[in-house]
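The values are calculated or read from the model by the stated rules, or taken from the named source; none is laboratory data. Quick caveat: nothing in here was measured; it's all calculated off a predicted structure. Don't worry about glycine lacking a Cβ; one is built from the backbone with ideal geometry, like all the others, and counts go over all protein chains shown.
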Amino acid sequence: MQPRPDSLTPVRALAWRITCDNELLVTIVVADHHVMLLSKDGRRPESAESKYRLGTYLDSNEAALKAIDMTGSYERLRHGKVGEYAELSLPADGWSQTLAEGNVGVEISKLIDAALSPVLSPAVD
């Protein structure tokens, strides 16, 4: 098992979205030896509360393999199309709180959402 990062070091994560049939939107994030999964109905307005599920694996390789397997399942079974991915740095304090509570905090959710949101360039006249 790999050593855990200290409490002051940001945690590197990789996140991506999958758009599936019936307007299902799935977000998968791999951070250290954890996988976060958010699935939501694209037809419903956002709720203020985070609904990520947090999975813990023996090491970062196992977590990455599980995330790849989950992605493949959504592609096959739900006709999912994988969008762009984003690498992000999760703040140490927010990540520690997420692990302690077993719930993905609002701060972390917002960072993931911002990293995966399309960047719009200003219109030029």
- Query: Does L25 qualify as being in contact with a Lys or Arg (Cβ under 9 Å, 6 or more places away or on another chain) and either in a helix (DSSP H, G or I) or at pLDDT below 95 (or both)?
  - Reply: yes
- Item | Subset of region 10-24 [over 14 Å from V104 (Cα atoms) and more than 12 Å from the chain's Cα centre (by Cα)] | P10, T19, C20, D21, N22, E23, L24
- Could you please let me know if A63 is modelled with pLDDT of 95 or more, within 10 Å of the chain's Cα centre (by Cα) and closer than 19 Å to I108 by Cα? no
- Would you say D93 is over 16 Å from V29 (Cβ atoms), out of contact with any His (no Cβ under 8 Å at 6 or more places or on another chain) and at pLDDT 90 or above? yes
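Out of all the residues in region 28-45, is one or more surrounded by 12 or more Cβ atoms within 10 Å (Cβ to Cβ), of a type in the set (S, T, N, Q), at pLDDT 95 or above and in a strand (DSSP E or B)? Break it down stepwise before answering.
Initially, region 28-45 is screened for residues surrounded by 12 or more Cβ atoms within 10 Å (Cβ to Cβ), giving 28-40.
Now narrow it down to the ones that are of a type in the set (S, T, N, Q): 39.
With the extra rule that they be at pLDDT 95 or above, the set shrinks to none.
Scanning region 28-45, I find no residue that is surrounded by 12 or more Cβ atoms within 10 Å (Cβ to Cβ), of a type in the set (S, T, N, Q), at pLDDT 95 or above and in a strand (DSSP E or B), so the answer is no.
Being part of a strand (DSSP E or B) and either touching a Pro at 6+ places or on another chain (Cβ under 7 Å) or free of Cβ contacts under 8 Å to residues at least 12 places away in the same chain (or both) is the filter here, so list the residues in region 73-104 that pass it. Before you say what the answer is, go through the steps one by one.
Within region 73-104, the subset part of a strand (DSSP E or B) is 81-90.
Listed by number, the residues that qualify are S89, L90.
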- Item | Subset tally (residues that are within 16 Å of D21 (Cβ to Cβ), of a type outside the set (A, V, I, L, M) and surrounded by fewer than 16 Cβ atoms within 10 Å (Cβ to Cβ)) for region 63-77 | 4
